Amino acid sequence: MAASPVNQTSLHHFRSNSFPTRAYPLISEFNDQMSRLRCSEATSSSSASLSQKLIGLQDLNDCVDHLLLLPFAQALDQEQNQKWFNELLDGSLRLLDVCGIARDALLQTKECTRELQSTMRRRQGSKMELTREVEKYSASRKVIKKAMQKALKGMQTKLNSKKNEDLAIVSLLKELEAVTILVFESLLTFIAAPKSQSKSSSWFVVSKLVHPKRIACEGEETDANEFEKVDLALKTLISHKTSKSDYSIHVQNMQNAMGKLESSIQDVEEVLECLSRRLVKTRVSFLNIHHH
């Protein structure tokens with residue numbers, strides 16, 4: 001398959017002739033999936049675009065999983081490649097850890113959101129009761145944001161990994177790890193909901209570092225994500241000092257924003273759970289190579 005201009009934006013456009021004949025279709029599929037992922041609205045902060053990126057990672061992991069079953073992948077277990085094998089194994093464990101951190105944060109946010117929504121439905125007239133619940137939600141968000149920032153920091157130190165050009169499968173697995181880090185940074189940034197997410201997002205900055213001449217294929221920047229909208233609605237509600245009728249409107253806006261947040265958390269959670277299973281499967285395939 002000829003490399004399209006978009007394909008060339010990946011870290012390496014893997015040539016089929018670096019691999020045995022049986023791997024050709026899988027390599028082409030890997031390149032196509034990688035191109036789609038690199039081109040998936042890099043600056044967008046919506047849950048829908050994030051879900052698409054996570055689904056793209058699932059497809060990439062499927063390709064790699066099939067490649068690891070082919071006999072040539074056994075070269076990973078040779079003594080001279082042991083260092084790379086161990087590094088890739090450690091990398092897969094780190095990614096699973098980050099996946100777990102993100103899933104816990106989404107679950108915690110969903111529970112807090114439901115509690116706050118319940119209070120709003122029961123006690124719409126009682127501002128004091130509502131303020132207490134909002135403060136609880138805000139405190140929980142602070143803890144989550146701190147955890148996301150810590151996880152982001154931990155991942156950034158792993159980006160500058162040396163490449164081994166001798167073994168094609170290692171280069172391909174390294175690219176999979178690098179793009180997974182990019183998507184997970186996008187995920188953690190989405191959950192942390194920084195005030196200015198668009199152009200300064202990790203995905204955008206790291207993408208520029210990884211391939212500065214990247215073809216501009218992403219869409220226009222989008223508005224604040226669902227987390228940010230709830231944070232903004234909360235701030236408006238708490239700082240509100242006008243009439244009772246206006247206050248009711250703010251409460252309604254808050255409920256709408258929280259409903260959308262809960263729905264988008266649900267969507268991302270489902271995709272993330274599937275991806276988590278794929279990451280475990282890829283790790284098992286690594287371990288199987290070692291035990292053969």
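At a glance:
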quantity	calculated
Filter result for L88 (in a helix (DSSP H, G or I), touching a residue at least 40 places away in the same chain (Cβ under 8 Å) and closer than 26 Å to L188 by Cα)	yes
Segment 252-292 - residue that is buried (at least 19 other Cβ atoms within 10 Å of the Cβ) and more than 30 Å from L173 (Cα to Cα) and, of those, farthest from the chain's Cα centre (by Cα)	M254
Close pairs from segment 91-110: first at negative phi and buried (at least 21 other Cβ atoms within 10 Å of the Cβ), partner at pLDDT below 95 and not in a helix (DSSP H, G or I), Cβ under 9 Å, at least 6 apart	G91/K158; G91/S161
Pair list, Cβ < 9 Å and 6+ apart or interchain, from segment 272-284 residues that are of a type in the set (D, E) to residues that are in a helix (DSSP H, G or I)	E273/R103
Single condition V179 does not satisfy, out of (1) within 18 Å of K142 (Cα to Cα); (2) modelled with pLDDT of 80 or more	(1)
Pick from segment 114-133, criterion of a type outside the set (D, E, K, R), part of a helix (DSSP H, G or I) and at pLDDT below 85, ranking: surrounded by the most Cβ atoms within 10 Å (Cβ to Cβ)	L130
So S200, is it modelled with pLDDT under 90, over 23 Å from L60 (Cβ atoms), under 17 Å from the mean Cα position of the chain (by Cα) and of a type in the set (S, T, Y)	yes
Test: residue in segment 53-76 that is more than 16 Å from L173 (Cα to Cα) and part of a loop (DSSP other than H, G, I, E, B)	no
Residue satisfying all of: in segment 220-251; assigned to a loop (DSSP other than H, G, I, E, B) and surrounded by 13 or more Cβ atoms within 10 Å (Cβ to Cβ); modelled with the highest pLDDT among these	N225
Yes/no for S40 being farther than 18 Å from S276 by Cβ, modelled with pLDDT of 85 or more, of a type in the set (S, T, Y) and surrounded by 15 or more Cβ atoms within 10 Å (Cβ to Cβ)	no
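The values are calculated or read from the model by the stated rules, or taken from the named source; none is laboratory data. The structure presented is a predicted model; accordingly, all values stated were derived computationally and were not measured. Don't worry about glycine lacking a Cβ; one is built from the backbone with ideal geometry, like all the others, and counts go over all protein chains shown.
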